[in-house]
Structures are given as C-alpha cells and as structure tokens.
Amino acid sequence: MVYSCIKNTLSLLYPDHCQLCDAPATEGLCTPCREDLPYNRHPCPQCGLPLSQPLEVLCGSCQQQPPAVDRSWIPFLYAAPVDRLISQFKFSERLPQGRLLSRLLAEYLTQRIDRPDLLIPVPLHPDRLRQRGYNQALELARPLGRRFGIPLDHRSCQRTLKTRPQHALKRRQRESNIRGAFRVVRPLTVRHVALVDDVVTTGNTVNELARQLKQAGVARVDVWALARTP
C-alpha cells in the first residue's frame, strides 16, 4: 500500500504523459504539442509586445513612451493552449503545469539572457495570497533560480494596494489601477534585477514595479514571463 501511495504521488507530481493531449511524454509535452505552442516569435525587445515581423528597433509605444522595464524575455503568446496551462496552474493548483511552464521558460532563457543579480517574483497582495494559497510567480521563480544559480528575493517588494485584476479593466484604466501598488521595503544593493511573472497583459504591472525598484537604486530591470497578451 505504501508503494502504491508513493507511486500515485510521483505520477501526480511527475506525469509521464503530455499535459495537453495525454499522449506518452517524458517531460510533460509530446513533440507535436510542443511544436504547436504559440511562440512569441518577433517580440519588442523592451516590452515583449508581439510584432508582425522581426525588427531591430523597439515598438512604437516603447519609442514614444519608454517604460521602466529595460528588457523583456517572453517566449509565448497568451493563446491556446498555453493560456489553459497557465490558468490551470494559477487557479486550480495544478503543480505539474507549473513545473512544465517553468521548464519551458528556462529553456527559452538559456543562451539568451544577461544574467541578473537577483530574481524578484511579482508579489501578490496579502489578501489575494491568502485566498489563492500561493503566488504563482514565486512558484515559477524558484526552479529558475536553482537552474541558473541566481538568488531569489520574495520579501523586499510588497504589494500594498489591493487592486482590481488588470484583465478585468479597459486599457486606459490599467495604469491608474496599478499606480502606487508596490513598495520596496528593504534596501537593495544589486544593480540588475529580473522580475518573474506568468502573464504580461499591457505591461503596466511590471512597469510599475520596475519604476519602484529604480527609485530604490536598481539600475536595470528585466522581465521574465511566460506569455504576452497580443
């Protein structure tokens, strides 16, 4: 019975089938499903917005109104089936999806990134953290920190305002909704930070946190996220 319980637990934590189609797979995705993922093939280097063709310049928005974020690394579009994997991980406590998503992000970042001094997961408001039981950004950041040997800090930044969910707001409301939502509560001596999050919608959330970090003395802020809303 003990062996059976252990086996069932391991199969739940480390499934041997594709998380999308249930075909046999050793790393959470079969080859056909991996090839069908909605890759963000031509992102703006600064905000990650998907562009229609590869360009060496920033998107129009970043040129006209430069964000506080210096560089974004976002491998996927927020579209099927990545959106379903993220939603299951974020709202249904599906830990295998979280491990799979973190591994996909790590594979994308390898050989691409300038190594930051510190990883900071985008914090949740305490009320939302209690309601959900975990911060999905922190769960993504932990294996990334281990894989790349980068320290992780989830205490120096706090979300002090309980804002409305960004996805529920119109574009013009999102910037005012998130303004002043974060606070840096501990001194930071590092120069280069990467923020970790699951989805970047308009970029207002990571931009506001990056703004606070730069006011605290951080010189460069990158974003590592799974998906970008077109």
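Among the residues of the stretch 193-230, the ones that are surrounded by fewer than 17 Cβ atoms within 10 Å (Cβ to Cβ) and either outside the structural domain of Pro165 (by TED's automatic domain parsing) or touching a strand residue (DSSP E or B) at 6+ places or on another chain (Cβ under 6 Å) (or both) come to 2 in all.
Could you tell me which residue of the stretch 200-230 is nearest to the chain's Cα centre (by Cα), considering only residues that are in a strand (DSSP E or B) and not hydrophobic (A, V, I, L, M, F, W, C)? That would be Arg228. Residues in the stretch 5-56 that are modelled with pLDDT of 95 or more and of a type in the set (S, T, N, Q): Asn40, Gln46.
Do we find that Val184 is touching a residue at least 60 places away in the same chain (Cβ under 8 Å), farther than 24 Å from Ala79 by Cα, surrounded by fewer than 19 Cβ atoms within 10 Å (Cβ to Cβ) and hydrophobic (A, V, I, L, M, F, W, C) in this structure? For Val184, the condition - touching a residue at least 60 places away in the same chain (Cβ under 8 Å), farther than 24 Å from Ala79 by Cα, surrounded by fewer than 19 Cβ atoms within 10 Å (Cβ to Cβ) and hydrophobic (A, V, I, L, M, F, W, C) - is not met. Residues of the stretch 116-131 being outside any strand (DSSP E or B) and either touching a helix residue (DSSP H, G or I) at 6+ places or on another chain (Cβ under 7 Å) or under 19 Å from Val200 (Cβ atoms) (or both), which ones? Residues satisfying the conditions are Pro116, Val122, Pro123, Leu124, His125, Arg128.
The values are calculated or read from the model by the stated rules, or taken from the named source; none is laboratory data. All of these numbers come straight from a predicted model, not from anything done at the bench. Heads up, the Cβs are rebuilt from the backbone with ideal geometry, glycines too, and the neighbour counts pull from every protein chain shown.
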